[in-house]
Amino acid sequence: MKPARFDYYLPSTLEEALAKLSELGSEGKVLAGGQSLVPMLNMRIAQPAALIDINGLVELDAVACENGALRVGATVRQSTLERSDAALGQVPLLAQALPLIGHWQTRNRGTLCGSLAHADPSAELPLLLAVLDGSVEVHSSRGARTIAARDLFVSFFTTSLEADELIVAAYVPVAPARRCYAFDEVAQRHGDFALVSVACAAEFDEQGALAYLTLALGGASEVPLVVETADALGRHADRELIAALAERASVACDPPSDHHASAAFRRQLVRTLTGRMLTALLRREEAAAT
Ligand SMILES: Cc1cc2nc3c(=O)[nH]c(=O)nc-3n(C[C@H](O)[C@H](O)[C@H](O)COP(=O)(O)OP(=O)(O)OC[C@H]3O[C@@H](n4cnc5c(N)ncnc54)[C@H](O)[C@@H]3O)c2cc1C
């Protein structure tokens, strides 16, 4: 299929882009990497009156380290991050999550910010932002604001962005010294969207007890779901605790049933992946301590 007719704008300054977004409101759509939007246009799932292509805004194509976070501009490609030793060194979870997204060709065009704005509940990057407690910097002709990951994702493919707002950059917190990470998923084939994915950030103290733990699930609810883990802090991540956390994750989520998998199967995947990842993190920690 071909898209319905639309007008096309290629602003050369941020002010111009924001003015156009403000003028068009919900009639306009931002075009970043086009890896989600263009298929939706072709299938006529989206029929905006106009596209505002942000790829001419050179200032948005930058990665920098600012105030303990990696600031990733809105047109930075997923593949740019994947090839950046500096970015992967500062945010090691990117090295685990990025290769799971689609294919090399899609990552060559697709952006981190575009994936966040698209808010697919199965997507890896919203889950990464949620587990790392990151945020986005949003601009409109009315001003600028920062939205934390927990307030950005509202439901399936829906964010708290207003129609005239542009994500200018994402802030992904840099890894503290002792923090360790894991990201894993189950997909039917390589490059497919995940049936479910699990991401984890943990820290163990000198005695091997959990000093920090964040556990988040993708594809298992309308938005990336952060599981309550505060009561695990100070405890040793033994088999019993890991089994209890895996069970809690599987109960906390509310996965969909569709032609790919039933909700019960997805729940079981959450339980298995969570248990496996926490065990792997613990083993890594034990190996590092000996
Ligand atoms: C074959 C294929 C396989 C894929 N597999 C996966 C996968 O396994 N996992 C995964 O997560 N993704 C997958 N994707 C999607 C891919 O990661 C996209 O790159 C991503 O979802 C959107 O990023 P984009 O830059 O291409 O955004 P676009 O497609 O340009 O835009 C997506 C949406 O976000 C809005 N938008 C974009 N940028 C901004 C901004 N800065 N501010 C405000 N709104 C904005 C657009 O208006 C649009 O509504 C796949 C895509 C393809 C084609």
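All of the numbers you see were taken from the coordinates with simple rules; none came from a lab. Keep in mind it's a predicted model, so treat the numbers as computed, not measured. We place every Cβ from the backbone using ideal geometry, glycine too, and count neighbours over all the protein chains shown.
Side notes on the structure shown:
- Taking other C-beta atoms within 10 angstrom as a stand-in for reagent exposure, Cys65, Cys253 fall in the order Cys65, Cys253, fewest first.
- Gaussian network model of the chain, Cα within-10 Å springs - most flexible of Thr159, Thr274, Thr111: Thr159
- Nearest-0.05 FRET efficiency for Ser22 and Glu222, computed from C-beta distance (R0 25 Å): 0.30
- Note, ³J(HN,Hα) from phi for the stretch 239-246, Karplus 6.51, -1.76, 1.60, rounded to Hz, x at Gly and Pro: 4, 5, 5, 4, 5, 5, 5, 5
- Extension gain, His190-Leu233: 0.36 nm per intervening residue step, less the Cα-Cα distance, totals 12.0 nm.
- Other-chain or far-sequence residues with amide H under 5 Å of Arg235's (modelled H): Leu210
- Rel. contact order, % - alpha carbon contacts under 8 angstrom, at least six apart, the chain: 15
- Neighbour counts of other Cβ atoms within 10 Å put Arg266, Arg271, Arg83 in the fewest-to-most order Arg83, Arg271, Arg266.
- For q = 0.13 Å⁻¹, Debye-computed log10 I/I(0) when each Cα of the stretch 180-289 counts as one equal scatterer: -0.46
- Difference of contour (0.36 nm per residue) and Cα-Cα distance, His103 to Ala288: 63.3 nm
- Average projected area [Cα convex hull, the stretch 58-173], square nanometres: 6.8
- Vicinal HN-Hα couplings computed from phi for the stretch 24-37 (Karplus, 6.51 cos²θ - 1.76 cosθ + 1.60; Hz; Gly/Pro x): 8, x, 6, 7, x, 10, 6, 10, 10, x, x, 6, 10, 5
- Taking other Cβ atoms within 10 Å as a rough exposure proxy, Thr80, Thr272, Thr290 sort from fewest to most as Thr290, Thr272, Thr80.
- Value at 222 nm in deg cm²/dmol, rounded to 500, when DSSP H runs of n ≥ 4 in the chain each add -39,500 (n - 2.57): -10000 deg cm²/dmol
- Taking the convex hull of Cα positions in the chain, its mean projected area over all directions (nm²): 15.4
- Three-way shape call for the stretch 1-61 based on the alpha-carbon gyration tensor, with the a/c threshold at 1.5: oblate
- Label-to-label distance, Glu240 versus Ala4, with points set 7 angstrom from Cα along the beta-carbon direction: 6.0 nm.
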